[in-house]
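Worksheet: the structure to be examined is printed underneath.
Every number here is computed from the coordinates shown, using simple stated rules; none is lab data. Fair warning: this is a prediction, and the values are worked out from it, not measured in the lab.
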Amino acid sequence: MNLNLRNAVISNVSGNTQAQLEDTIVDAIQSGEEKMLPGLGVLFEVIWQNADRKDKQEMLETLENGLKK
């Protein structure tokens, strides 16, 4: 079932512009709906898998700092 969710999310956003992707992310966060979290997780997985070590370190630092607030 998780594989189907991944494929569905990726299929729904494939070919989207950066502006469309940003709108998708912002809408999902602003809605505050729990059902949106798996989709955001899939998008984060794509980001993580395509990031180099420096970008991953920056994301981890940002996450760590964000969780301290």
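Rounded to the nearest 500 deg cm²/dmol, what is the calculated helix-only ellipticity per residue at 222 nm for the chain, with -39500 (n - 2.57) per DSSP H run of length n ≥ 4?
Calculated mean residue ellipticity at 222 nm is -25500 deg cm²/dmol.
How fast does the chain diffuse by Stokes-Einstein, in µm²/s, taking the Kirkwood radius from C-alpha pairs at 25 °C and 0.890 mPa s?
The calculation lands on 184 µm²/s.
If I fit a long axis through the Cα atoms of helix 2-13 and take the longest principal axis of the Cα atoms of the chain, what angle between them do I get, 0 to 90°, rounded to 10?
Value to nearest ten degrees: 90.
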